[in-house]
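Comments concern the structure below.
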Amino acid sequence: MENMSFVVLVATEQHIHYAQQICDEMEASAKARGTGIARRSPDYVKQKMLEGKAVIACTSSGEWAGFCYIETWSHGKYVANSGLIVAPPFRKYGLATTIKENIFKLSRSKYPDAKIFGLTTGLAVMKINSDLGYEPVTYSELTNDEAFWKGCQSCVNFEILKSKERKNCLCTAMLYDPAQKKMEEQKKKDNEKMTRNKRLFERWTSFKQYLLLRKSKMEKIKNLITF
Ligand SMILES: CC(C)(COP(=O)(O)OP(=O)(O)OC[C@H]1O[C@@H](n2cnc3c(N)ncnc32)[C@H](O)[C@@H]1OP(=O)(O)O)[C@@H](O)C(=O)NCCC(=O)NCCS
C-alpha cells in the first residue's frame with residue numbers, strides 16, 4: 001500500500017462502468033457516517049462523465065478509487081463540487097485533496113466567474129476547501145436555486161433545514177468567490193506598491209538629509225579655512 005499510485009483525470013465515457021459502484025459507495029459511506037447525502041443515480045453520474053464535468057481517480061491497475069463532479073446553479077453563477085468520495089481502502093493517502101484540486105481547476109476553467117461553494121459536515125472536506133481558498137459563509141450567501149436545495153431532501157437532516165427556514169443546518173457552508181479573491185489580490189498588490197514607494201521615499205529623504213549635512217559641514221570647513 002505504501003507505493004500505491006493513482007491516476008486522477010477528467011472522467012470520460014471510458015469510465016461510465018464505474019457509475020454504479022460510485023453511487024453504491026456514496027450511499028454506504030453516508031450510512032456509515034450517519035450523515036445526510038444528496039442522493040444521485042448512476043445515470044446522473046454517467047451524464048456528468050459524458051459532459052466532462054467529473055474527476056475520477058483509479059489505481060494503476062484500473063480499480064476505481066475516487067470521484068467528484070461539478071454542478072451549476074442559478075444559470076452558472078454558482079458552481080458546486082459535489083459528491084466527493086474516496087473508496088475506503090484508499091483513504092488517508094491525500095487522494096481527496098488531489099481530486100478536489102483537479103475538480104476545482106476544472107470548475108475555474110469552465111466557469112471562471114462563478115462562485116464555487118459547498119455544504120459539508122466533514123472536517124477533511126473543510127480542510128481541503130479552506131486550502132483551496134474557500135471561506136465559511138452563512139447560507140444566505142449560497143444560491144437560491146430551488147433545484148439545489150431540493151437535493152437536500154434526501155438528507156437525514158432535511159427536517160432541521162426546513163425548521164430553520166433554510167438559514168441554517170448541520171452542514172457548514174463554504175464559498176470561493178473569484179470577484180472577492182481578485183479584489184483581495186489587487187489590495188495586496190496596492191499595499192506592496194505603497195510599501196515599496198514608502199521605502200523609496202525614506203531612502204530619498206535620508207539621502208537628501210545626508211547631502212544637506214555634507215553641505216553644511218563643507219561650509220563650516222570653508223569658513224575655518226578662510227579664517
Ligand atoms: C472525506 C474523504 C473524501 C477524505 O478522503 P481522503 O482521501 O482520505 O482525504 P485526504 O487523504 O486527501 O485528507 C485530506 C485532509 O483531511 C484529513 N482527513 C482525512 N480524513 C479525515 C477524517 N475522517 N476526519 C478528519 N480529518 C480527516 C487528512 O488528515 C488531511 O488533512 P491534512 O492535509 O491536514 O493532512 C473520505 O474519507 C470519504 O470518501 N468519506 C466518505 C464520503 C464523504 O464524507 N464525502 C464528503 C462529503 S462532503
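Bear in mind that the values in this text are calculations on the coordinates, not laboratory data. Please read these numbers as outputs of a predicted model, since none were measured by experiment. Cβ sites come from the backbone with ideal geometry, for glycine too, and all protein chains shown count toward neighbours.
Between GLY94, GLY83, GLY66, where does the largest GNM mean-square fluctuation fall for the chain, given springs only between Cα atoms within less than 10 Å?
GLY94
Pick from ASN102, ASN168, ASN81: which is most flexible by mean-square fluctuation in a GNM of the chain where alpha carbon atoms under 10 Å apart are linked?
Between ASN102, ASN168, ASN81, it is ASN168 that shows the largest mean-square fluctuation.
First measure r as the distance between the Cβ atoms of LEU170 and GLU51, then evaluate 1/(1 + (r/R0)^6) with R0 = 30 Å and state the FRET efficiency to the nearest 0.05.
Efficiency, rounded to the nearest 0.05: 0.50.
Would you count, across segment 1-137, every pair of lysines whose alpha carbons are under 21 angstrom apart, provided the pair is eight or more residues apart or spans two chains?
Lysine pairs satisfying the spacing and distance rule in segment 1-137 number 26.
Once the Cβ-Cβ distance between PHE207 and LYS181 is put in as r, and R0 is 41 Å, what FRET efficiency do you end up with, to the nearest 0.05?
It comes to 0.55.
Of all chymotrypsin sites (Phe, Trp or Tyr not before Pro) in segment 111-185, which ones are in loop regions per DSSP and have a Cβ with at most 15 other Cβ atoms within 10 Å?
Within segment 111-185, no chymotrypsin sites (Phe, Trp or Tyr not before Pro) qualify (loop, at most 15 other Cβ atoms within 10 Å).
Where is the GNM fluctuation largest for the chain (alpha-carbon springs, 10 angstrom cutoff): ILE116, ILE16, ILE85?
For the chain, modelled as a Gaussian network with Cα springs under 10 Å, the answer is ILE16.
Counting helices only, and only those DSSP H runs with n ≥ 4, report the 222 nm mean residue ellipticity of the chain as the sum of -39,500 (n - 2.57) divided by its residues, in deg cm²/dmol to the nearest 500.
About -16000 deg cm²/dmol.
Full extension from GLU219 to ASN191: what is 0.36 nm times the residue separation minus their Cα-Cα distance, to one decimal in nm? Mind dumping the intermediate values first?
Values: separation 28, 0.36 × 28 = 10.08 nm, distance 4.18 nm.
Going from the current span to full extension adds 5.9 nm.
Pop out the Kirkwood hydrodynamic radius of the chain from its pairwise C-alpha distances, inverse of mean 1/r, in Å to one decimal.
Evaluated on the chain, it is 20.9 Å.
Between Rg and the Kirkwood Rh of segment 181-227, both from Cα atoms, what is the Rg to Rh ratio? All intermediate terms of the calculation are to be shown ahead of the outcome.
Working: Rg = 20.3 Å, Rh = 13.5 Å.
With Rg and the Kirkwood Rh in hand, the quotient comes to 1.50.
Considering lysine pairs in segment 181-227 that are 8 or more places apart or on different chains, how many have Cα atoms under 27 Å apart?
Qualifying lysine pairs in segment 181-227: 14.
Subtracting the Cα-Cα distance from 0.36 nm times the residue separation, let me have the gained length for SER29 to TYR44 in nm, one decimal. Can you show the working numbers first?
Numbers: separation 15, 0.36 × 15 = 5.40 nm, distance 1.85 nm.
Stretched fully, the SER29-TYR44 segment lengthens by 3.5 nm.
Angle between the Cα long axis of helix 19-33 and the longest principal axis of the chain, 0 to 90 degrees, nearest 10?
Computed tilt is about 80 degrees.
Suppose each label sits 7 Å from its Cα in the direction of the beta carbon; what would the GLU13-ASN144 distance come out to in nanometres?
4.0
Could you tell me the relative contact order of segment 6-176? Use alpha-carbon pairs under 8 Å, at least six residues apart, and round to a whole percent.
Details: 271 pairs, mean separation 39.0, N = 171.
Relative contact order for segment 6-176 comes out at 23 percent.
Given charges of +1 on the Cβ of Lys and Arg and -1 on the Cβ of Asp and Glu, with all other atoms neutral, how large is the dipole of segment 6-176 about its Cα centre, in debye to the nearest 20?
It works out to roughly 240 debye.
Any idea how far apart PHE158 and THR59 come out in nm if each label point goes 7 Å out from Cα toward Cβ?
Distance between the two pseudo-spin positions: 3.6 nm.
If you take the charge dipole of the chain about its Cα centre, with +1 on Lys and Arg Cβ and -1 on Asp and Glu Cβ, which of LEU119, HIS17, CYS152 is farthest toward its positive end?
Toward the positive end, the furthest listed residue is LEU119.
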